[in-house]
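Right, one structure below, let's go through it.
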Amino acid sequence: MAPTTSLTLTYFDFAGPAEPVRMALAMTGQPWEDKRVSFSEFPALKPGLPNGQLPILEVGGKVLPQSGAQLRYVGKLAGLYPEDALEAALADAAVDSVGDNHMKLAPTVQQKDKVQQMEMRQNLVRDFLPTWLGNLEKALANAGGTYFAGGKLSIGDIAVVARLVWLKEGSLDGIPTSIVDEYPLLSALIERVNAEPNIAKYHQERSETTNK
Ligand SMILES: N[C@@H](CCC(=O)N[C@@H](CS)C(=O)NCC(=O)O)C(=O)O
């Protein structure tokens, strides 16, 4: 990868949409800053953010909003975005499937009534999540079983693995941590991606801190 200017990713101290970007940044093999801000610091930052939201990626003097754009950009730096247009679209499709997951799960996080929240999650565990996981397992099988696009690691694999790990960590009450276990290709993908030396090093360095 060609050396680039300084890279700073700013987000809260949990996974969210920033985690795939962090993993991709780790894969560049170049120095980058993993800046994590507290909720109490955020109001002061908000007016200065392009969309009033995090994550932002600062590239030299430029500020890039939107985690999807950040992931594709860093993916290109790290050699994680296929050159072939169709393979790139397949990597994007895997990334977008994580967006589908977010659209379904986010309202359950916003629901503050615990009983209703659990009911919403039970419905997702029964209907949406098995379909979502099954479709991903099939997409991976159709791509040869190892990676989602181009026969090599891409931002698609990284985005999916970040979301699967988050689910498996028990980040959301009511979503069983075993939910991915019956999907052998996805389970193997998690192992494969997390065994990438740069990603393993990133996780190791983060292991002492909150990273949910
Ligand atoms: N489409 C944006 C969404 C970013 C977003 O929703 N950020 C949330 C945290 S996950 C945020 O900054 N919320 C605070 C606010 O909107 O005031 C992206 O993917 O980067």
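The values are calculated or read from the model by the stated rules, or taken from the named source; none is laboratory data. These numbers come from a predicted model, not from an experiment. Quick reminder, even Gly has a Cβ in these numbers, built from the backbone with ideal geometry, and neighbours come from all protein chains shown. Each accessible area value is taken on the protein alone, full model and side chains, heavy atoms only, with ligands, DNA and RNA left out. Shrake-Rupley method; radii C 1.70, N 1.55, O 1.52, S 1.80 Å.
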Given the criteria surrounded by fewer than 15 Cβ atoms within 10 Å (Cβ to Cβ), part of a helix (DSSP H, G or I), among the small types (Gly, Ala, Ser) and over 17 Å from the mean Cα position of the chain (by Cα), does residue 200 qualify?
no
Among the numbered conditions (1) away from the ligand (no atom under 12 Å from the Cβ); (2) of a type in the set (A, V, I, L, M, F, W, C); (3) touching a Leu at 6+ places or on another chain (Cβ under 7 Å), tell me where residue 21 comes up short.
(1)
Residue check, residue 110 buried (at least 16 other Cβ atoms within 10 Å of the Cβ), more than 29 Å from residue 195 (Cα to Cα) and not assigned by TED's automatic domain parsing to the domain that holds residue 68
no
Of everything in the range 65-102 that's open to solvent by 50 Å² or more (accessible area, probe 1.4 Å) and not in a helix (DSSP H, G or I), which residue is nearest to the ligand (Cβ to nearest atom)?
66
Would you confirm whether any residue within the range 108-127 is within 16 Å of the ligand (Cβ to nearest atom) and in contact (Cβ under 8 Å) with a residue 40 or more places away in the chain?
yes
Would you check if residue 9 is touching a residue at least 60 places away in the same chain (Cβ under 8 Å), outside any loop (DSSP other than H, G, I, E, B) and over 27 Å from residue 137 (Cα atoms)?
yes
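Among 7, 54, 45, 49, which is the only one that is of a type outside the set (Phe, Trp, Tyr) and closer than 21 Å to residue 79 by Cα?
7
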Whichever residue in the range 25-64 is basic (Lys, Arg) and in a strand (DSSP E or B) and, among such residues, is surrounded by the most Cβ atoms within 10 Å (Cβ to Cβ):
36
